[in-house]
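Derivation of every value follows stated rules applied to the coordinates shown; laboratory data play no part. The structure displayed is predicted, hence computed values, not measured ones. Backbone-built Cβ (ideal geometry, glycine too); neighbour counts: all protein chains shown.
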Amino acid sequence: MFWAYIDGSRRKIWALLTDGTIWAYRAQAVTLTAGTIRIGSASVYNANWVVFTAPDASGNYQVYKQNRATGQVTALTTTGNHTDLQINGSVAAWLTDGTYSDYCDLDAGIAGPVTARPLIWAVGHSMLANYATNRQPPLPDKVASALNWPLANFAIQGAGSAQQVARAGLVATTLTVTGNTIPASGPVTITAVTPNDFIVSAYGPRSIYGWLGGVYGYLTWDSVAGERFWRATAGDAVPISAGATWIPDVGLAFSGVALIWTLVNDDHGSAGRAASLANLNMIVAALKSLGKRFVILREFPRTTDTIGSASRADIDALNAAVQAAYPNNWLDLMPTLYANAAPSDATAVSQGLVPPSLSAGDGFHLGNAGNDLATVAIVNFIKAKGWA
């Protein structure tokens, strides 16, 4: 026997033998705690499956799934070297030879079909969140559907770039809760967030999953109850320090093609512009080394940002700085919108604003028709790059 995984009652669940074969045991009695567990190399799990890697005769790591009810192990890969296991619902994902993500729907038959499908993940503000009823489905959903790719959407309405990097776990963040204790069940009120508050949204409840003081759960905000942490499963009360570390569960983010539209709610003056660019650089730096595949979308001027105004000069300067920093990843949707504008949009177009006929009624956010046009432009951009 090369190695074996043993549960808390010292029952062997599976073993890797010296000849490279897997010997599986029945696993229906196993209780696994939340989070990622490590078995020899790496493994992840959900209620029905454990997915793990093990070295083959050549020293490359192959991916296997084990049915937790029957103990049956099925090989999902036989060639290549596979790392960075992730799981999201019934879909497992991993990197193959460090160049792209493979996905497998674990529930889709014994063979576990594997397809090389990148992930779309979105980070930004209301242009990508789009929770309003006249902007459904949101733009990232439309892009993911057009490409037939999975989606992870981190966007939230009203958020600035500093909130976005905090939501995505790119800066160290701490939370303080009432009584410095996570209760055995139910919520606890959050009394402080450092360095910046990324939970609050003026547009209704939003949930963010992750670990607080080592306890898995989620954060919520609403106008009545305020900010709260809810543990995912009941257990013993857990004392935590004031300013306990918050680690968001980013799941499959940073592993595919990113849509980044995140700066319009920032201060666009020279100091604010520098901070915006620093946050944008942080997001780009976090992308895994899969060719740094990302699309940065031009920020639109608001209806008050008319040509000649100070606010228009600021937003134009921000866009110019971002385009100069990332010329190969910059996408301006305005030409597409102007090419499809209605005659009644002439005044707005002359001012470089969003055509009202393609907006959600506010002359700024895109409506369904505008999002449909944006989807085509984004998908074409991704395909032209050879990413799809």
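What's the extension gain from Ala225 to Tyr338 if we count 0.36 nm per residue and subtract their Cα-Cα distance?
Working: separation 113, 0.36 × 113 = 40.68 nm, distance 4.37 nm.
Once the chain is fully extended between Ala225 and Tyr338, it gains 36.3 nm.
First measure r as the distance between the Cβ atoms of Thr194 and Ala310, then evaluate 1/(1 + (r/R0)^6) with R0 = 35 Å and state the FRET efficiency to the nearest 0.05.
On the way: r = 33 Å, r/R0 = 0.93.
Here the calculated transfer efficiency is 0.60.
So what does log10 I(q)/I(0) come out to for the stretch 175-246 at q = 0.13, 0.15, 0.23, 0.27 Å⁻¹, using the Debye formula with one equal point on every Cα and no solvent?
-0.31, -0.42, -1.01, -1.37
Run the numbers on the stretch 261-359 and let me know its relative contact order in percent, using alpha-carbon pairs under 8 Å that are six or more apart.
Details: 83 pairs, mean separation 27.0, N = 99.
The value is 27 percent.
What distance in nm separates the simple spin-label points at Ala317 and Lys385, each placed 7 Å from Cα in the Cβ direction?
Reported label-point gap for Ala317 and Lys385 is 2.8 nm.
So how do 320-328, 187-195 stack up, highest first, on mean other-Cβ count within 10 Å?
Numbers: 320-328: 13.4, 187-195: 15.9.
Highest mean packing first, the order is 187-195, 320-328.
Name the long-range amide H neighbours of Ser43: under 5 Å, sequence gap of 5 or more, or other chain; modelled H, no Pro or chain starts.
So Ser43 has HN proximity to Ile37.
Below 8 Å between Cα atoms, with a sequence gap of 6+, how large is the relative contact order for the stretch 175-246 in percent?
Working: 147 pairs, mean separation 30.0, N = 72.
About 42 percent, as a whole number.
Taking the Cβ-Cβ separation of Ala184 and Thr347 as r and a Förster radius of 51 Å, what is the calculated FRET efficiency to the nearest 0.05? Display every interim value, and only then the final one.
Values: r = 61 Å, r/R0 = 1.19.
Calculated transfer efficiency: 0.25.
Would you grab the residues whose amide H sits under 5 Å from the one on Trp330? Only those 5+ places off in sequence or on another chain, please, with H modelled 1.01 Å from N.
Long-range HN contacts for Trp330: Ile296.
Tell me, what ³J(HN,Hα) does each residue in the stretch 374-382 have, in order and in whole Hz, if you take phi through Karplus 6.51 cos²θ - 1.76 cosθ + 1.60 with θ = phi - 60° and put x for Gly and Pro?
These are the phi-based 3J(HN,Hα) values: 5, 4, 4, 5, 5, 4, 4, 4, 5 Hz.
Of the listed peptides 335-344, 55-64, what is their order by residue-averaged count of other C-beta atoms within 10 Å, with the highest listed first? Mind dumping the intermediate values first?
Values: 335-344: 13.4, 55-64: 15.6.
In decreasing order of mean packing, 335-344, 55-64 become 55-64, 335-344.
Straight-line reach only, C-alpha to C-alpha below 19 angstrom: list the aspartates and glutamates that Lys383 could link to, leaving out same-chain residues fewer than 8 apart.
Correct list for Lys383: Asp102, Asp141, Asp332, Asp372.
Can you list the residues, at least 5 places off or on another chain, whose amide H is less than 5 Å from the amide H of Val257, using H built in the peptide plane?
HN-HN under 5 Å from Val257: Leu119, Ile120, Trp121.
Which order, highest average first, do 368-379, 173-184 follow once you tally other Cβ atoms within 10 Å for each residue and take the mean per peptide? Walk me through the numbers before you get to the answer.
Working: 368-379: 19.0, 173-184: 17.2.
Answer by packing, highest mean first, reads 368-379, 173-184.
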